[in-house]
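Asks: Mind having a look at this structure? Questions to follow.
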C-alpha cells in the first residue's frame with residue numbers, strides 16, 4: 001500500500017517528468033546512432049570514455065529505443081492511467097446526487113418566499129430534489145466534473161500518438177514523370193528517408209501522375225497541383241495533391257515538393273526495332289541520382305553545365321549530348337533518340353498513424369475544458385430561512401438574480 005501511494009505521489013511524477021525531459025535533451029545534444037551511423041559512434045567512443053559509458057553501458061546510443069527511456073516512459077504512462085482511474089472514482093462520487101453534508105458550503109439569509117426562489121431556479125433549468133425537513137436541493141450541470149476527467153484522458157492520447165508517431169512513422173520520396181506509373185517498392189524511383197520499409201497492408205501500391213498544373217514566379221514554380229491515380233488491392237483511387245493539401249489514402253499522405261524536367265529516350269537496333277523506352281531525369285538541382293543503366297548495356301550520367309548534358313557509354317563507344325528534344329545518337333549497333341521533354345515531380349509520402357490520435361486528444365482536451373469552465377456544476381439548497389450554495393464559481397448574471405432573494409450584508413457571494 002505504501003508503494004502504491006508513493007507511485008502516484010506528486011514527487012514521483014515530478015521525477016519521471018524530469019527524467020523524460022533529461023532524455024529529450026540528451027537526444028538533441030548527443031550524436032545518435034540512427035542519424036550518424038554505427039561506425040561514427042564507434043569512432044566517437046574511442047576518443048571519449050564518458051560517451052562510451054553513456055552509449056554502451058547505459059545503452060543511450062539511440063535514446064528513443066533505449067531501455068532506460070522506454071522504462072521511464074512506461075512508468076509515466078502507467079502512473080497517468082492509475083491517476084485517471086482514481087480521478088474517475090472521485091468524479092463518479094461528485095456527479096452522484098446525494099444528501100449534502102454542507103461541508104465547504106456557504107449560505108445567505110433568505111428575505112423572499114422559498115417558493116419564489118424554487119420557481120426561479122426551475123425556470124432556469126435547475127433540477128430539484130426534495131430533502132428532509134421540507135428542504136430542497138437544486139443542481140445544474142451535474143456532469144461538468146467529467147470535463148476534467150476527459151482533459152486528463154486526453155494526455156493518454158497525446159503520449160500514445162507520440163509513441164506511434166515515432167515508432168511507426170515511415171517516410172519515402174519518389175520521382176514521377178507525367179503519365180508515368182511506378183510502384184512504391186521500386187528502388188529505381190523511390191528513396192527511403194525514415195524507417196526503410198512500407199507497412200504490409202500498404203505494399204503493392206502503384207501511383208500514376210495524371211496531370212500537373214503550376215504557376216510561375218520569376219521562372220520558378222511557385223504553386224503546383226498534381227492529379228494522382230493510385231491502385232491498391234484492385235482498387236482505383238483518384239485525387240489531387242498540393243504542397244499543403246496532401247493526397248490521402250488510409251494512413252498514407254502524399255505531398256509534391258519539387259518539379260523539374262525529364263526526357264523520354266527511345267533505343268532502337270539497326271533494323272529500327274524499338275528495344276526500350278526509358279525516362280531520364282534531369283538533376284541539375286541535385287535532387288536525384290544522376291547515373292543510369294539502360295538495357296544492362298548503356299551507361300549514362302547527367303552532367304550539369306549551363307544546361308544538362310547526357311554522357312552515354314556503350315562498350316568502347318562514348319557520346320556527350322545536350323538533353324534536348326529531337327537529338328539522335330548512334331552508339332555502335334544501337335540508336336538512341338531523345339523523343340520529348342516531360343515534367344516530373346518529386347513527392348514525399350509519409351505513412352503514420354499517430355496524427356489522427358493526436359487530433360482526437362486535442363478535441364478531447366478542448367471539450368473537457370470547455371464544459372468544465374463554461375458549464376460549471378452549481379448546487380443550491382433552500383430552507384425556510386437560508387439558501388446554501390456550492391460551486392467553483394457562479395456566473396455574475398446568476399449571482400445578481402439570486403441576491404435579490406437574499407439579505408446580503410457584504411453585497412456579494
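The values are calculated or read from the model by the stated rules, or taken from the named source; none is laboratory data. Everything numeric here is computed off the predicted structure, so don't read it as measured data. Cβ coordinates were reconstructed from backbone atoms using ideal geometry, including for glycine residues, and neighbour counts include every protein chain displayed.
Asks: Regarding residue 98, is this residue in contact with a strand residue (DSSP E or B) (Cβ under 6 Å, 6 or more places away or on another chain) and either exposed (fewer than 15 other Cβ atoms within 10 Å of the Cβ) or not assigned by TED's automatic domain parsing to the domain that holds residue 130 (or both)?
Replies: It is false that residue 98 is in contact with a strand residue (DSSP E or B) (Cβ under 6 Å, 6 or more places away or on another chain) and either exposed (fewer than 15 other Cβ atoms within 10 Å of the Cβ) or not assigned by TED's automatic domain parsing to the domain that holds residue 130 (or both).
Condition check ((1) part of a loop (DSSP other than H, G, I, E, B); (2) modelled with pLDDT of 80 or more; (3) surrounded by 15 or more Cβ atoms within 10 Å (Cβ to Cβ)) across all residues:
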site: 342; (1), (2), (3): no, no, yes
site: 348; (1), (2), (3): no, yes, yes
site: 357; (1), (2), (3): no, yes, yes
site: 363; (1), (2), (3): no, yes, no
site: 368; (1), (2), (3): no, yes, yes
site: 373; (1), (2), (3): no, yes, no
site: 380; (1), (2), (3): no, yes, yes
site: 384; (1), (2), (3): yes, yes, no
site: 390; (1), (2), (3): no, yes, yes
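Asks: Find the strands (runs of 3 or more DSSP E) located wholly in segment 156-237 whose residues include 2 or more that are surrounded by 14 or more Cβ atoms within 10 Å (Cβ to Cβ) and either modelled with pLDDT of 80 or more or not assigned by TED's automatic domain parsing to the domain that holds residue 344 (or both), and list them.
Replies: Per the criteria, 170-177, 181-183, 206-217, 220-232.
Asks: Right, next: For residue 129, indicate whether it is modelled with pLDDT of 85 or more and assigned to a strand (DSSP E or B).
Replies: Judged against the criteria, residue 129 is a match.
Asks: Taking the condition touching a strand residue (DSSP E or B) at 6+ places or on another chain (Cβ under 6 Å), closer than 22 Å to residue 406 by Cα and not in a strand (DSSP E or B), does residue 139 pass?
Replies: no
Asks: Follow-up question, since we're still on this one. Filter segment 3-23 for residues that are more than 25 Å from the chain's Cα centre (by Cα) and surrounded by fewer than 12 Cβ atoms within 10 Å (Cβ to Cβ); which is nearest to residue 166 (Cα to Cα)?
Replies: 14
Asks: Which residues, taken from segment 104-123, are within 46 Å of the chain's Cα centre (by Cα) and modelled with pLDDT under 80?
Replies: 104
Asks: Check 25, 50, 88 and return the single one that is within 30 Å of residue 149 (Cα to Cα) and out of contact with any strand residue (DSSP E or B) (no Cβ under 7 Å at 6 or more places or on another chain).
Replies: Within the list 25, 50, 88, the selection yields 88.
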